[in-house]
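The values are calculated or read from the model by the stated rules, or taken from the named source; none is laboratory data. Please read these numbers as outputs of a predicted model, since none were measured by experiment. With ideal geometry, Cβ positions are generated from the backbone for all residues, glycine too; neighbour counts draw on all protein chains shown. Each accessible area value is taken on the protein alone, full model and side chains, heavy atoms only, with ligands, DNA and RNA left out. Shrake-Rupley method; radii C 1.70, N 1.55, O 1.52, S 1.80 Å.
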Amino acid sequence: QVQLVESGGGLVQAGGSLRLSCAASGRAFSDYAMGWFRQAPGKEREFVAAISWGGRVTNYADSVKGRFTISRDNIKNTLYLQMNSLKPEDTAVYYCAARAASRSEDARLYDYWGQGTQVTVSS
């Protein structure tokens with residue numbers, strides 16, 4: 001089992017940047033593929049980005065490609081999401097998730113979730 005705690009959210013103006021972190025504890029972090037998802041008010045949770053166990057393979061939602069970067073540090077047991085050129089439509093609660101299998105864009109396939117961190121982008 002792994003426990004996940006997100007941090008780094010906040011209020012930022014459009015065009016600004018934020019870096020989210022997800023600290024993992026429990027079972028070996030490197031055993032899990034990791035993903036970032038987000039959920040805006042009144043909308044379903046959607047995929048943002050995912051990364052393989054070793055960090056060499058990543059994939060992104062089209063809406064964030066070229067603006068967001070997912071990375072991980074398996075020594076520090078931490079997952080990151082660097083978000084640049086933020087837009088008001090990026091406003092959502094952002095969640096990190098762990099999967100004891102290969103990375104996926106399907107939230108239903110993830111085993112563990114953090115509590116989420118709010119990101120608000122003002123226009």
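Taking 1.567 mPa s as the viscosity and 4 °C as the temperature, the Stokes-Einstein diffusion coefficient of the chain based on its alpha-carbon Kirkwood radius rounds to 92 µm²/s. Straightening the chain between A100 and S7 buys 31.2 nm, computed as 0.36 nm per residue apart minus the Cα-Cα spacing. With N as its number of residues, the range 58-123 has a Cα radius of gyration that, divided by 2.2 N^0.38 Å, comes to 1.18. Note on the chain: with a GNM built from Cα contacts shorter than 10 Å, the maximum mean-square fluctuation among R38, R27, R72 falls on R27. The accessible surface of the chain, taken with every protein chain in place and a 1.4 Å probe, is 46 percent carbon and sulfur. Taking amide H atoms as placed 1.01 Å from N in the peptide plane, the amide H of A100 lies under 5 Å from those of D111, each 5 or more residues away in sequence or on another chain.
Counting Lys and Arg as +1 and Asp and Glu as -1 over every other residue whose Cβ lies under 15 Å from the Cβ of N59, the net charge comes to +2. Between the amide H of G10 and those of V119, T120, distances stay under 5 Å, these residues lying 5 or more places away or on another chain, with hydrogens modeled in the peptide plane. Each of L109 and A14 was given a label point 7 Å from its Cα along the Cα-to-Cβ line. The distance between the two points is 3.5 nm. Solvent-accessible area of D62, all protein chains in place: 130 Å² (probe radius 1.4 Å, heavy atoms, ligands and nucleic acids excluded). Entry comment: accessible area of the chain is 50 Å² per residue, from protein heavy atoms only and a probe of 1.4 Å.
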